[in-house]
Structure formats: C-alpha cells, structure tokens
Amino acid sequence: MREWRRYVRDRLPVSDIKAQRALDLVDELASQLEDVYRTELSHGASEREADAKARAHIEDWDRLAAEIRLAAPSLRRPSASRWADRADERARSAGRWGAWLADLGMDVRYSLRALRRKPTFAVVVVLLVGLGVGVNTAVFSALKAIYLEPLPFPEPQAVAVLWETTTRGGRGPVSWPNYRDWKAQNRSFEHMGLMSEVGVTLSDSGAAEAVLGAWVTSSVFDVFGVRPALGRTITPDEDSTSARVAVLSHELWATRYGADPLVVGRQIRINGDSYDVVGVMPERFVVSSVWRASSRIRLWVPFPAGAREPQRDSRSHPVVARLRDGVTLEGAAADMERVARNLAAAYPETNRTQRVRVQSLHAALFGDLGTLVSLVFAAAGLVLLIACGNVAGLLVVRFSGRRAEIAVRSALGAGRGRVMRMLLAESGLLALVGGAVAVLLALGGLGALRGLLPAWVPRAADIRADGSVLLFAVAISFLTAIVFGLAPALGATRGSQTEALKEAGGERAGLRAGGARQVFAVAQIALTLVLAHLACLQAGSYLLLRGMDLGFDAENTLTAAVTLRGSAYRDADRRQAFFHELLARLEALPGVTHAGAVSGLPFEGGNNGRFVVEGRAIPSDPNDLPLVERKSVVGDYLRAMGIRLLAGRMLTAADTFRNASGAGGAIINERMAQQLWPGEVALGKRFRPNSPESVTEVGAAPEWLTVVGVVADVRQWGMEQPAIAESYRPYMIAPQQRMFVALRTAVEPTSIVAAVRREVGEMDRGVAVSAVRTMQEVVASELSWRKLLTSLVGLFAALALILAVAGVYGSLSYFVAQRAHELGVRMALGARRGQVLLLVMGRGAKLALWGVALGTGGALAASQVTRGFLYGLRPADPWFIGGVATLLLVTAVSAALVPARRATKVDPALALRAE
Amino acid sequence: MFSAELKKGSVELLVLSLLQHERRHGYEIGKLVEQRSGGSLKFRVSSLYPVLARMEEQGWICGRWVEKQGDRRRRYYRLTREGERALALKQETWRAYTLAVGQVTGISHA
C-alpha cells in the first residue's frame, strides 16, 4: 500500500489542492490501484504484469488532476496560500535568511489557521493587548509632544537658563548689574542675554489686546540661533539706545496683522507708544515664558532704559545663554560658581550669599511636567504588564493543549528553538493585531486626551500619532508578545517528547498549566496593589487639597486683569484715580456687592521682598530679614475676595491714599503676625521694606507702614505651598500698572463680564481687559494637574483591578475544571458542598494573600519614589496600605466565588462512573 | 465497445444506481459495473475518480474513510438525499429517452 501511495504522490500534481483533501485523494487513488494490482494477481498475472496493469489505469496524471480540479473546484487552495507557497519556494532558494523568512511565513500562516479555529480566544487576546498597548501609546504620544520633543532652535540642548539663587537654594531672576558681570566674566557661554517677560497692550489695529511680550537684549536672538523669517532682529545699537523697535512672533503677525507681507517698517502701538516693526520670526520659533511653559512670547522689544535697574539686589530678569561648543552644563555650572564667588567678594552687601544656578531651558520649562507624565506612563506600563498576565495565562492553557503536536514536531526533527519560534510567531501575530487595535484606540482617544488636558499644559495641541508614536506601538507590541509568550512557550517545550505525548491533554499537563496561571494571577494582584495604592494616595492628596481652607471665598467672585500703560498713565496718581473710578462704577453694577483690586491674585504670588521691623536691628546679611509677599490693593479688595478679618479693621479710604506724613496703614496676614511678632499683638506695630520698591523712588527712604488689621492666610505660591508672610498695602506704595479687579457678586459672576468690559471701555478704549476668570476657575486650574493625575492613575488602577479579578477568576475556573473529577470523587466519598466551596475559596484566598504580600513591598517602594506628588500624606501610611490590601483581598476572594459554586455543582455520580 | 460519449452520458446514472441500496468504495463500483454489464462497460480509475469527485462536490454522494476488520482503509460512498432525488430524475429521464428512441427506431426491450 505504501508503495502505491508514493507512486501516486510522485506523479499527481496536488500542490494547489487543499492539504487534507490532497492526502485523501492520494490515498484513495493508491487504494484503487492496489485493488487492481491484487485483482490481477488473483487472476494469475505475475507481479510485473499486475503492476503494469495497475499503472495503466492512470497514464495521463496531469489530465487527471485537471479533471479533478474541474469536477471539484472546492478542492483547490485559496490563491493567497498558493501564492505564499510560490513565495516560500523563492525565499528558500535565496539562502539562509530566505529560509528563515520562509519558515516565519509558514509559522504565521499556520498561526492564522489555528487562531481562526478559536476566534473567541483570539478576539479576547487582541482586545487585552489592544487595551494595554493603546493606553501606553496614548500616554507616550503625550509624553513625546509635551516633553520629549526638542525645542525649536538649533542644538536646543545647548540653551540654558541662569538663575540667581542663594546658598539656601531656590531659583530667582537676576539683577541687571549681576547679568552684566556674568556675561563679562564667564568662560562657558558663547552668547548670553536677558529675556524678561512683560504684559503689554497693543492698541493699533482693532481692539486693545493684552499680549505677553518680552524685554530682551539683542544677544537673546544669538542665544536661540534662529534667523527671522522677515526683516531682522534687534541690533546692539537699538539695544543700547532702547529704540522703539519690535520683533513679532509668527502667530501674532498672522492673527493680529493679517500676515501682512509688508509688515516690516509698519508702526504699531505698544502701551500707547509707537514702535517700528523690524522683523517677524519663523512659524516654528515658539518661545515660552520661563515661568510658565504654556504662555508663549508673542513679541520682543529692547529693554527700556527705565528697566535697567542699577541696584544689584533688584532681581527681576531671567537670563538665557548658549553654551560654547564642548562645554557641558556641569562645566558651565562650575564656571558660574567661580563668577558668583568673585562677585560675592566684590559686592558682599548684595552678593555674599548669592550663587548661580544653571539649568537647561528644556528642564526649566518641562522638568516638572516630564516627571508627571513619566509617572502616568509608568502606571500605564503596569496596566500593560497586568494585561500580559491575563494573556499569558490564556496562552499557557492553549499551548499545554498542543503538547502532543509539539512532541510530534520534535519527533520529526524540529529543535526546541524552532518550536518556540512557531509558538512565539502566534504570540507575535496576536500582539501585532492587538497593536493595530491599540493604534486605532489611541487615535480615537488622542482627541479626547487633548481636550482633557488643562490649558496650562504646554504643547498639548501638538499631541498626535505620528511616525514615532506608531513605531512605539509596534515596538511595545513586540515586547508584549515576548513578555506574554515566552514563559508559556518555554513551558510548552520543556521535557521529553515521550513525556509530552503521554501527558498530552491529560491531567498532569492541565495541572502544570493551572499552576502557571495561578502564578500569573498572584503577580497580577501584586501589581494591582501597587497601582491601587498609588491611586488612593493621589486621590487622598487631591481630596485634602480640595477640602482645604483657602483663606478666601472662591464662590461668586469674578476677577479680571486691567492694564494701564502708555504715556497717559505714566503718572501714579493718574493710575490710582483710574482704578478708584473704575471700582466705583463696578460696585454700582447690579449684582455686585463688593469691588476691589489687587496687584496679584491668590496662588499667583512672586512679588516679595525683605522687610524690616521697627525697633529691631537690621542683620548684616539682608537674606536674614523676613521675606514678605507684598500686594497693593485698591478699594474693598479683601471683602471682595472674602478674606476673613481676624483682628483689627479693613483698609479704609484714608489708608489707601498716601497722606502727607507719608505713613499709611497696611493689613498683614496671620503668618506674618506670627513670624514677625511672635507672642505679641501685631496691631499697631510698624514695618517697612528693606529697599525701595519702585524705580521712581530711587534714593528715597521707604516708609513705615502701621499694621491696622490681620487677615487669614492665603496661599500665594499655589495651593500646595504653605502661606508665607504677606502684607496688603495702599496702592500708592507700589502703584502697579497691572491690577486684578475682584468683584463679589450676588449673581452668577460670568453674567457681569460684558458689563465690566463695557465700563472699562467707556473710561478708556485703549485699556486692555484680560484674564477674565471666576475664582472658582482659578482654584480649579490650580487643582487641575492633580485632578488629571488622580483621574488617570485611578482609571488605570480600576482597569488593573478588573484585569486582576479576571485573572483570578480565570485561573480558579481552570483549577476547578482540571479538578472536576477529583472534586466529584471527594463529594461522592462524603465531602459536603460547603467543604468543596471552602477548598476553592481557600485557594483563591491563598492567591490573594501571596499577591498582597508581594505587592505591599512594591507599593511601599513605589510610594517612596512618588512621594513628591503627595500632599498631606505619608508614603507609608498604614491606613492606606491596609485599606487597599483589604480591598484587593476581598475582591480577589469574591472572584473565587463563582468557580467555587461551580465546583459544588459537580455531579459525584458522573465522577464515579468515569472512575 | 461503447463510445466514450455514450459512456460519459450514463456514468452518473450507473454510479448512483449502485449506491442506491448500499455503500461502496470506488474500486467496487468500477468492478460491479464491469460485472453486471458482462464486461461491456469498463471504467478505468482515471475515468471513474473525477466522476466521484464531481458528484461529491454536487452533494449527491458522501465519502467516508472506513477501516473494516481484516481490511485496509477504504473510502466508502453513500447516496445523500439530494443524490436520491438526482437518481430518480435520471432514471425517469433514461426511461423516457430509451422509450422515445425505441419508438423512432422500432427497437424495444423484450
């Protein structure tokens, strides 16, 4: 019989016929030829004659094959697989790599066929991978756009920001004289310049617009190294003469000046003064404020003469610089340390404790944000790992069911590596399809992600799925395939062929697979604990902040920035009169109960100075004087903001107008009272700034202020920084051009916005109103990053919990299925259903306990690493870790309930019959 | 003895008739045709097999591998319901055809 089979196989062209059908065809024809042969033998023919007679039954093999194809078209293989075979042949003939590729192609096709037979399994795995990889891809795209993308100048890593700092740390702006000395004495920087952001009002074409600009020295453009798209930048001459010239950003040129190609040479009005436009920067040149990375600088003008303050301790301006070729940041820092020490020796009164901090511009802008996004990325990575655990569990079972097939392959000569390659091809295929699903999910989710991000997140609009993001998705998919495919593949190819054949499909294989699944379930629980603990800590921090006493009443309060610039408002009295009149008008609006103005809103501090207390000696180091936040107020600001009065009285009109003796009243906060006059009554005490605050008062002695009232603390540096000492002084002490109007309303605050703009416009159309927000929006903005972080980590933790529960459920279901026979026998021998239930639940509890034990260590370690993101909570708070561990235990044990009940339903009689 | 065209037109009827009451394998079908026709009708394996393949594709017959005691594995065919209907139609057609030819030529079955 075998002889005829080979005879037929060698002659009949069946390569384009489906494999199984071809085998049948060959066997049947061989069988018929064998019958003919035997019949001839039985009729007395010799073997040769019988052989010849049989062979004569089929002479034209090609014709036979053609007739069969014609008669039964369904026997033919699909054209794709016929093409693949031809490709295989060609690849194999191309050498070793060709053969490798041909094998890979074969493995992939085989996997496709195998997966088609188990569509549910394939869909579940693809969805799990898609979810895990999708979440990671979306977060990576955010990380890339916000943090990884280099800044848009040549060699951006060479651009640095230089800060003045003290021996105690921190970072702050630089004084003009210090900047000049830094520039002259350093050896590390090719270019150095001052770039000080300043709000300006444009009042040429169209409505007055408040715009963020920057005072710059001409060298700033050399620091960035970008040529203008139109015209030129500021020249050193214009720099030294403070010429009225301006360089526009591309965005400002396009939006306000209609992308006028003839804009160079045009006159525009900045703060009421005429400036000549000399250049427009290119579109990709986007420079942010170093204080707030989401605020973009829209125009550059030379430093006005008045802004070049000669006092060495009047620190107002950030410095940017470009490193020389071959100099590192560390080298530059060491060099600037030398310069700082030189200046400390030369000017001990102002520079004794001053040092320089050198930071890359990228780190200055995005450093904190980068850490935040990395945390979210790590959390997303954990979700992916947990999803891999589910997939690995499913694969372990699947591969264990193929032990016999694997054994046969090994017997036919396939090495372990070859078989593992085949199994990994299946994992790889699933991972790739999952990756494709992930990309689709990510693409769909990116729009939502961009919308969810708060406005202060820089470059959020640039988040997109470009080539590198797709590459990331592919790479992660491959890694995922290895992570979830390797262990099951190793397990499936372990041991001898005989063992595998003996145990294939039997109990031992199932038990080993079940054991692996339980290990994965334990790992999943451990990872989920880490994530859940993190999420709880974040949620706790967020809730603590949300419930915090802010010191003011954020409800029903509208704020708006009003900026008075230009020659009309050069006089401080004029500005004060404007604000007083404006507040009177606004308070008269229906719905407004209190109106006031302040130089800086809560959370937006940064205007502070050293203050002297009457009757106390002034220390030799001015940095030993108390640092006090200073705010100028007009009108009924404190009541408008709902800041509680704790002692004394509010400021009155008499206090807010400077009187003849020069002394005025001031309100201080509780912190200042405790810090400057501990254990005493602060009311009636006097204090003054150590040096004059406004340029116009150079040479004049700062005036004493008398404490007339003490109010509750308001956090100036953000919700998470404790309040520092703060004073509210009459406007004329430091008459700012830009003040924030605050209105307390009895109606919905946003309903009076139009009226506010109208009142300002009626007083002066050239005055810009900007940053109109309710205080609730300000508070929400403060909390927004924490809310986002909490939401994202919480979402990931919830996903992880679902996956882990599915993992426990799956592994216990499998456990019950494998042990169904044994459980049935137990019950037949007298075990009660309750005992069986406990057996399975006990197994679930054991898994959960192991997972929690392993996870606790991980959670504690992770919370130490992320302690910088906590507020008001300790990383190792036992209540939190205990609570989360308990939640996981309960959840995991509950997941065991359904399989446990299924176990009790096993029919003992069936089990005994099988015995 | 008979032309290929003549044999082609009736081979399906022959095969279906032989499978009407009993399952048979391909060689057995060929042998029975030869025996019952007294040797006038002989089919080679290469002629019979495509017919079996076609009728299986049409759903008239169904093949199964069977291993009987003491014998090797063979592919046995049986008639399906569809095949029964096809057989009945073919028998009726054959009767009508031979009657018509007989009426024209004066040949009749005794």
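Where in chain B are the DSSP H helices whose C-alpha atoms run 27 Å or more along the long axis and whose mean Kyte hydropathy is at least -1.0?
Span-like helices, by this rule, are B:81-105.
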Contact surface A-B: accessible area buried, both sides summed, square angstrom, 1.4 angstrom probe: 2000 Å²
Give the accessible surface of region A:9-141 per residue, rounded to a whole number of Å², with probe radius 1.4 Å and ligands, DNA and RNA excluded. 56 Å²
List the residues of region A:30-46 whose accessible area drops by at least 30 Å² when all protein chains are present, compared with their chain alone, using a 1.4 Å probe and counting only protein heavy atoms. A:S31, A:Q32, A:D35, A:T39
Along the positive direction of the dipole of the protein assembly as shown (beta-carbon charges: Lys, Arg +1; Asp, Glu -1; about the Cα centre), which of A:V772, A:F520, A:C536 reaches farthest? A:F520
Kindly tabulate the residues in region A:57-75 with an accessible-area decrease of at least 50 Å² between the chain alone and the assembly of all protein chains, using a probe of 1.4 Å. A:H57, A:A71
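As a test of the formula, what do you get for chain A when each DSSP H run with n ≥ 4 contributes -39,500 (n - 2.57) and the sum is divided by the residue count, at 222 nm and rounded to the nearest 500 deg cm²/dmol?
One gets -17500 deg cm²/dmol as the mean residue ellipticity at 222 nm.
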Average partner coverage of A:308-320, which counts Cβ from other chains inside 10 Å: 0
Probe 1.4 Å, heavy atoms of protein chains only: per residue, the accessible area of region A:424-482 in Å² is 45 Å²
Mind checking the dipole of chain A: about its Cα centre, +1 per Lys or Arg Cβ, -1 per Asp or Glu Cβ, Debye to the nearest 20? 2600 debye
For the protein assembly as shown, how big is Rg over Rh, using alpha carbon atoms and the Kirkwood form of Rh? 1.19
Here is the link list: B:K31/B:K90; A:K18/B:K90; B:K8/B:K68; A:K18/A:K53; A:K631/A:K787. Which ones come out longer than 27 Å on Cα distance? A:K18/B:K90; B:K8/B:K68; A:K18/A:K53; A:K631/A:K787
Using a 1.4 Å probe on the protein heavy atoms, what percent of the accessible area of region A:399-463 belongs to carbon and sulfur? 70 percent
Taking the mean number of other Cβ atoms within 10 Å as a proxy for protection, how do you rank A:102-110, A:134-142 from highest to lowest? A:134-142, A:102-110
Listed peptides A:337-346, A:852-861 by packing density, highest first (mean Cβ within 10 Å): A:852-861, A:337-346
How far is helix A:96-117 tilted, in degrees, relative to the longest principal axis of the Cα atoms in chain A, given as a value from 0 to 90 rounded to the nearest 10? 90 degrees
Using mean Cβ contacts within 10 Å as the protection proxy, how do A:276-287, A:613-624 order, highest first? A:276-287, A:613-624
Could you check the spin-label model distance between A:S770 and A:T241? Points 7 Å from the Cα along Cα→Cβ, value in nm. 2.9 nm
For region B:66-110 and region A:787-808, what is the separation of their C-alpha centers, rounded to whole Å? 70 Å
Over the Cα atoms of chain B, what is the Rg over Rh ratio if Rh follows Kirkwood? 1.01
Rounded to a whole number, the Stokes-Einstein D of region A:671-817 in µm²/s (Kirkwood radius over Cα pairs; 10 °C; 1.306 mPa s) is 74 µm²/s
In what order, largest first, do A:H43, A:H533 sit by accessible area if the probe radius is 1.4 Å? A:H43, A:H533
Counting only protein heavy atoms, what percent of the accessible surface of region A:1-90 is carbon or sulfur at a 1.4 Å probe? 48 percent
Taking Cα atoms only, helix A:47-56 is inclined relative to the longest principal axis of chain A by an angle, in degrees rounded to 10, of 50 degrees
Threshold 20 Å² - residues in region B:40-66 whose accessible area is reduced by that much or more when the chain is no longer isolated, probe 1.4 Å: B:R44, B:V45, B:S46, B:Y49, B:P50, B:A53, B:R54, B:E57, B:W65
Roughly to the nearest percent, how much of the accessible area of region A:521-676 is carbon and sulfur, given a 1.4 Å probe? 51 percent
Which residue, chosen from A:P458, A:L789, A:Y147, occupies the Cα position most advanced towards the positive end of the dipole of chain A, where the dipole is computed from +1 (Lys, Arg) and -1 (Asp, Glu) charges on Cβ about the Cα centre? A:L789
Nearest-ten-degree value, helix A:416-452 long axis tilted from longest Cα axis of chain A: 30 degrees
For peptide B:70-78, compute the average count of partner chain beta-carbon atoms within 10 Å of each residue's beta-carbon. 2
Which is farthest toward the positive dipole end of chain A among A:G883, A:A334, A:M106, measuring Cα position about the Cα centre, with Cβ charges +1 (Lys, Arg) and -1 (Asp, Glu)? A:M106
Find the accessible area per residue for chain B; the probe is 1.4 Å, ligands and nucleic acids are left out, and the unit is Å². 64 Å²
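The values are calculated or read from the model by the stated rules, or taken from the named source; none is laboratory data. Since this is a predicted model, take the numbers as computed values, not measurements. FYI the Cβ positions are ideal-geometry reconstructions off the backbone, even for glycines, and counts take in every protein chain you see. In case anyone asks, the SASA skips ligands and DNA or RNA and just uses the protein heavy atoms, side chains included. Shrake-Rupley method; radii C 1.70, N 1.55, O 1.52, S 1.80 Å.
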